[in-house]
Amino acid sequence: MDSVGMEALLRAREDKLRGELRSDDLIDKNRARSVERLRETFGDMLLRYNADCSDDQPRQAMADALTATAGELFALLTAGRVQTESAPRHVRVGGVTALLFSVIGLLAGVLLFAPYRLVSYALFALAALGLFLAGRFWTTERRETARAALDADVIWRVLCRAGETMDRKLEAFREQNRVWEAERNARSVPGPDSVSEEELQLFADLLEALYSGNGDYSLRQLKKVRAYLQRRGIDTVDYEPAQTASFETLPTKNETRTLRPALMAGDKLLLPGRAAEHTD
């Protein structure tokens, strides 16, 4: 059965995580809390992932390295900021026009005050209204616009932390891999328990033949090697002209003969044989 993936673990938390992030944004208005929430989520996912592949230590180590790096990058969510920009004020043509009419009205009211007081009062009232309108429409309203921006300093600090985490995790994985390699090498060295009783008996007979110095006895013991190999699926093949690819041939003036048989496992050559081939 395939092990669970990070994406599947994340999708299993989708509804809960989406709701919590919306709450952080709309109610608490706290991005830092969202960052911590994402880190906690990925930490829980890592625990679940490692539990699912508990027999695969390299996979666990790589998952830890990637999760730690992603956790550092979540801080990029806090790098955003809002900038406001104000547009300059401009003098309106309507304000200047109202001011000119007010000045003209005042001058006319002063000139006509003696003979036509009522007309002067009306002109003074219109001049006052013109001054009010001139002040009201003299300049445009200041406009402010907001735009989203990124804080380069925050981004740089986050990326530096992520890089440090990557280096630290990769170095830790490298050291751990050395330990695993040493353990594998230690397990691969055959010990006395790995030799079967049959093999011990065969080796003992061959050594006895060596120590005895008896040629006939030695040959009888050596014949056991062929049967031993056959029981393990290894065939001994003698030299034939059709088997030259499986042999190292040496020239000889004597008859062609097999010096050492080739060792085969089915069609696979395990060890080339050696033969003396007659040449004129």
key: Where LEU133 falls short, out of the listed (1) at pLDDT 75 or above; (2) farther than 30 Å from GLU183 by Cα; (3) buried (at least 16 other Cβ atoms within 10 Å of the Cβ)   = (1)
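Residues checked against (1) of a type in the set (Asp, Glu); (2) surrounded by 12 or more Cβ atoms within 10 Å (Cβ to Cβ):
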position: LEU200; (1), (2): no, no
position: LEU206; (1), (2): no, yes
position: GLY213; (1), (2): no, no
position: ASP238; (1), (2): yes, yes
position: PRO251; (1), (2): no, no
position: PRO261; (1), (2): no, yes
position: MET264; (1), (2): no, yes
position: LEU269; (1), (2): no, yes
position: ALA275; (1), (2): no, yes
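Out of all the residues in the range 238-280, which are among the acidic types (Asp, Glu) and assigned to a strand (DSSP E or B)? Walk me through how you get there before you give the answer.
Step one: filter the range 238-280 for residues among the acidic types (Asp, Glu), giving 238, 240, 248, 255, 267, 277, 280.
Hits for the range 238-280 are GLU248, GLU277.
So that you can scan it fast, the table gives a plain yes or no per residue for (1) under 23 Å from the mean Cα position of the chain (by Cα); (2) under 30 Å from ARG184 (Cα atoms); (3) in contact (Cβ under 8 Å) with a residue 24 or more places away in the chain:
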{"position": "ALA12", "(1), (2), (3)": "yes, no, no"}
{"position": "GLN60", "(1), (2), (3)": "yes, yes, no"}
{"position": "ASP64", "(1), (2), (3)": "yes, yes, yes"}
{"position": "ALA70", "(1), (2), (3)": "yes, no, yes"}
{"position": "ALA75", "(1), (2), (3)": "yes, no, yes"}
{"position": "ARG81", "(1), (2), (3)": "no, no, yes"}
remark   = Exception for THR84 within (1) modelled with pLDDT under 85; (2) under 30 Å from VAL158 (Cα atoms); (3) assigned by TED's automatic domain parsing to the domain that holds ARG157 falls at (3)
ask   = Inside the range 11-62, can you point out the residues that are surrounded by 13 or more Cβ atoms within 10 Å (Cβ to Cβ), not acidic (Asp, Glu) and not in a helix (DSSP H, G or I)?
value = ARG13, ASN30, CYS53
Selection status of ARG33, within 18 Å of ALA75 (Cβ to Cβ) and either modelled with pLDDT of 85 or more or among the aromatic types (Phe, Trp, Tyr) (or both) = yes
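The values are calculated or read from the model by the stated rules, or taken from the named source; none is laboratory data. These numbers come from a predicted model, not from an experiment. Virtual Cβ from ideal backbone geometry, glycine too; neighbours counted across all protein chains shown.
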